[in-house]
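*Asks:* Have a look at this one before I ask anything.
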Amino acid sequence: MTIERRLARSGFTLTRDYPAAPERVWDAFADESQKLSWWGAGDAAEAREWAFDFRVGGRDIAEAQFHDGPLSRYEATYTDIVEHVRIVTTYDMWLDGDHMSTSVASLEFEPIDGGTGTRFTHVEHGVFFDRFWADGVGRERGTFGLLEALARYLA
C-alpha cells in the first residue's frame, strides 16, 4: 500500500470574552486540577494517559480513547509563559498512532471591563500530514469546543 505524502497548512484565530478576571482564566490553564476539570473530550472519551508540567520547557500529554472511535494523543511543549499574559506551545497530535499534525499556538489573556473580565485569544498555525491534510477546519472546530468547555467551567 502506497501512502500519499502531502502537507497542508492551516491557521485560525479565536477570540472569546469571559466574565472572569484574567487570573481566574489563567488558573484554568496553569493549575492541573482546574485544567483536568474542563480540558479534553469530556464524556466522549476515556482518558488513557495524562501528564502536566506547566513551565517553560515542560510537557503536557493527553491521550484518550473515543467511545467507538479513534485513540487521540496530544503532546505539547511550553515554549513561553508570561504569567497572566500569554502561553505559547508547540504541540503534536496523533490519531490511532498516526502523526496527524504539528502546531504552534499562542494563548493571550487581556483584562477587559476594568479587570473583571478577560478577552482570551487563541492563535494557531498548524501543518497537517498525509491523510490528515484537510483537517484544519476540524482543528478549529475542536478548539472552539474547548473554549466552550472553558466557558462552562468558569460559569
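*Asks:* Separation of the stretch 112-141 and the stretch 73-102 by C-alpha centroid, Å?
*Replies:* The stretch 112-141 and the stretch 73-102 have Cα centres separated by 12 Å.
*Asks:* Given Cβ point charges of +1 (Lys, Arg) and -1 (Asp, Glu) and nothing else, what value in debye, to the nearest 20, does the dipole of the stretch 43-155 about its Cα centre take? Before the final figure, lay out each step's value.
*Replies:* Numbers: 10 positive and 21 negative charges, 41 e Å.
Magnitude of the dipole: close to 200 debye.
*Asks:* How much area per residue is accessible in the chain when the probe is 1.4 Å and only protein heavy atoms are counted (Å²)? Before the final figure, lay out each step's value.
*Replies:* Working: 8540 Å² over 155 residues.
In whole numbers, the chain has 55 Å² accessible per residue.
*Asks:* Taking the chain as a Gaussian network, where each spring joins two C-alpha atoms under 10 Å apart, which residue of R139, R73, R131 fluctuates the most?
*Replies:* R131
*Asks:* Same structure, new question: What does the extension gain come out to for A155 and L14, with contour length at 0.36 nm per residue minus their alpha carbon separation?
*Replies:* Details: separation 141, 0.36 × 141 = 50.76 nm, distance 1.93 nm.
Gain on stretching A155 to L14: 48.8 nm.
*Asks:* Mean residue ellipticity at 222 nm from the helices of the chain, using -39,500 (n - 2.57) per DSSP H segment of n ≥ 4 over the full residue count, to the nearest 500 deg cm²/dmol? Write down the numbers at each step before the final one.
*Replies:* Values: 3 runs with 35 residues, N = 155.
Value at 222 nm, helices only, nearest 500: -7000 deg cm²/dmol.
The values are calculated or read from the model by the stated rules, or taken from the named source; none is laboratory data. Note that the structure is predicted; figures quoted are calculated from it, not measured. So basically every Cβ, Gly included, is an ideal-geometry build from the backbone, and we count neighbours across all protein chains shown. To get the accessible areas, we keep the full protein, side chains included, count just its heavy atoms, and leave off ligands, DNA and RNA. Shrake-Rupley method; radii C 1.70, N 1.55, O 1.52, S 1.80 Å.
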